[in-house]
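The values are calculated or read from the model by the stated rules, or taken from the named source; none is laboratory data. Remember, it's a predicted structure, so these values are computed and weren't measured experimentally. Methodologically, a virtual Cβ is constructed for each residue, glycine included, from the backbone with ideal geometry; neighbour enumeration extends over all protein chains shown. Just so you know, the surface numbers come from the protein's heavy atoms only, side chains and all, with ligands and any DNA or RNA stripped out. Shrake-Rupley method; radii C 1.70, N 1.55, O 1.52, S 1.80 Å.
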Amino acid sequence: NILILNRSDVLPIQPFAEQQANEELRLRYRYLDLRRPKMQHMLRRRAEMFSTIRDYMQTNEFTEVTTPILANSSPEGARDFLIPARLQPGKFYALPQAPQQFKQLLMVGGVSRYYQLAACFRDEDPRADRLYGEFYQLDAELSFVENGEEVRQMFDPLIKKLSSEFAGKKLLSEDIPRIPYAEAMDRYGSDKPDLRFGMELIELTDVFADTEFAVFKNAETVKAIRVERGSELSRKQIDTFTEIAKSEGAGGLAYLKFGTGKDTIDSENFKSGGEPVYGDGQDSSQLVAFGPIAKFMIKELPMIVEKTGVKDGDMIFFGADKRAVVNKVLGRLRNELADHFELRDPSVIALCWIVDFPFYEWDESRKKVDFGHNPFSMPKGGLDSLNAASDEEKLAITADQYDMVMNGYEICSGGVRNHNPEILYKVFGLLGYDQNYVEDKFGAMLNAFKYGAPPHAGCAFGVDRMFMELMGESNIREVIAFPKNGSGVDVMMNSPSNIDPAQLKELGL
């Protein structure tokens with residue numbers, strides 16, 4: 001017998017078809033798209049990951065506490081979502097960008113180990129690894145912590161367990177390296193380096209100290225990256241990488257190709273705008289350099305070869321400018337070249353902690369010094385480190401802040417907190433904010449600290465992004481049940497939408 005429980009119209013998308021509809025259509029009918037075996041698998045696995053996290057936190061004596069969703073605006077580095085307060089006309093709540101102040105207040109309240117899988121809200125532009133509007137994080141805080149290393153050691157086992165036992169991936173290293181921010185920028189051109197491949201930035205400033213090549217002579221810093229098999233790149237591909245470099249602030253992209261033997265010299269791939277130098281190619285084992293700029297650096301080539309370790313078939317891209325620009329340009333190229341040559345092994349998880357972040361940073365848009373990560377962290381050296389007058393001295397202050405990086409994605413941010421009101425006033429004062437501003441914005445926390453706050457530290461892991469990488473996905477919307485589209489619109493629920501005038505009137509808007 002057949003009993004019809006309900007009837008269905010013709011499906012607008014086919015969840016079980018080999019060829020799937022485009023993303024916009026799938027999001028419009030997400031309730032049907034969720035029938036796909038892949039989506040069912042993702043939802044089950046996400047629940048399993050959350051269970052693993054909760055088991056670990058409870059085993060380590062953390063208490064799960066939920067914090068308010070209707071909160072106050074706070075400077076977390078992104079735009080707030082504001083909610084008008086009907087009972088307090090003209091005033092607004094803000095959805096929390098993170099439970100930062102609440103979890104610090106819990107430390108004052110005697111909850112010595114807190115955590116929650118917290119909903120957070122930020123009005124940031126969406127991208128492949130970042131959802132629009134809302135996301136979840138494993139938020140945690142610990143009392144009586146002396147430094148950030150205690151926090152890092154607490155969470156190393158959990159992330160390694162999720163990587164190997166839960167996701168079945170191979171760890172690049174059981175020992176998770178700690179890399180200072182300045183070193184990460186100099187070696188990888190990024191504070192979230194993917195360690196699954198090398199291609200580190202090579203310092204060549206001293207090599208070109210006496211160069212006659214004007215572009216390099218007038219540069220503060222000269223660096224290079226060596227690309228194995230880079231000589232396979234065509235002129236068109238090189239032009240593409242040149243445009244990428246320009247988009248990051250470079251004036252152009254200088255390069256050299258290296259090969260050996262007569263056949264190499266005569267090959268079409270090496271005819272790149274200049275005659276071969278550093279050897280005549282008659283000896284089949286002799287390394288020869290090619291490229292439009294090769295003739296300008298004949299005397300420097302022996303040192304370039306020695307410092308870069310370049311071999312037959314390799315290529316070198318140069319960056320010459322201010323150090324920050326060079327690091328940024330070559331860091332971006334490093335990632336783009338890794339994608340081109342498929343250097344990222346999806347079966348491997350490479351983890352690292354980036355430590356010692358600058359407390360302040362230069363805001364180019366406003367031409368002033370501003371906070372780096374967040375204002376609630378403890379500057380290294382405490383109050384004594386804050387006797388800075390010039391912008392340069394302020395930018396030299398470091399914080400006991402740390403990020404965990406997984407395969408080139410930042411998955412965690414944390415720090416040792418500032419539990420001393422005097423230091424909190426001072427860190428804001430260096431940016432021109434007076435005591436009244438601090439008390440107005442953070443009055444609850446300051447008042448609580450007056451009654452004795454224990455030293456505390458914590459962190460927050462972006463579980464959506466982490467889950468995306470552990471599942472081998474490149475688009476975070478593929479691992480979430482009901483995401484917004486790339487424009488921040490819920491096309492299924494027609495959100496955001498217009499509001500009835502009567503509702504606006506009730507809110508005084």
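Residue count for segment 311-326 under the criterion of being farther than 15 Å from residue 239 by Cα and crowded, with 24+ Cβ neighbours inside 10 Å: the result is 3. Here residue 158 meets each of (1) open to solvent by 40 Å² or more (accessible area, probe 1.4 Å); (2) of a type outside the set (Ser, Thr, Tyr); (3) part of a helix (DSSP H, G or I) with one exception, condition (1). Note on segment 40-73: residues that are aliphatic (A, V, I, L, M), part of a helix (DSSP H, G or I) and free of Cβ contacts under 8 Å to residues at least 60 places away in the same chain amount to 1. On the stretch given as segment 89-121, residues that are of a type in the set (Gly, Ala, Ser), touching an Asp or Glu at 6+ places or on another chain (Cβ under 8 Å) and open to solvent by 10 Å² or more (accessible area, probe 1.4 Å) total 2.
Within segment 458-509, if we keep just the residues that are among the polar types (S, T, N, Q) and either assigned to a loop (DSSP other than H, G, I, E, B) or open to solvent by less than 20 Å² (accessible area, probe 1.4 Å) (or both), the residue that is farthest from residue 347 (Cα to Cα) turns out to be 498.
Tell me the residue from 384, 400 that is of a type in the set (Asp, Glu), under 21 Å from residue 438 (Cβ atoms) and buried (at least 24 other Cβ atoms within 10 Å of the Cβ), please.
Exactly one of 384, 400 is of a type in the set (Asp, Glu), under 21 Å from residue 438 (Cβ atoms) and buried (at least 24 other Cβ atoms within 10 Å of the Cβ), namely 400.
Among residues of segment 490-505 that are farther than 24 Å from residue 90 by Cα, those with a beta-carbon under 9 Å from a residue that is in a helix (DSSP H, G or I) and hydrophobic (A, V, I, L, M, F, W, C) at least six positions away or on a different chain give the pairs 490/27; 491/25; 491/27; 492/27. The set of residues in segment 122-147 that are open to solvent by less than 40 Å² (accessible area, probe 1.4 Å), modelled with pLDDT of 95 or more and either of a type in the set (Phe, Trp, Tyr) or farther than 14 Å from residue 480 by Cα (or both) comprises 138, 139, 140, 141, 142, 143.
Quick test for you: out of 13, 2, pick the one residue that is without any contact (Cβ under 8 Å) to a residue 24 or more places away in the chain, over 20 Å from residue 137 (Cβ atoms) and surrounded by 12 or more Cβ atoms within 10 Å (Cβ to Cβ).
13
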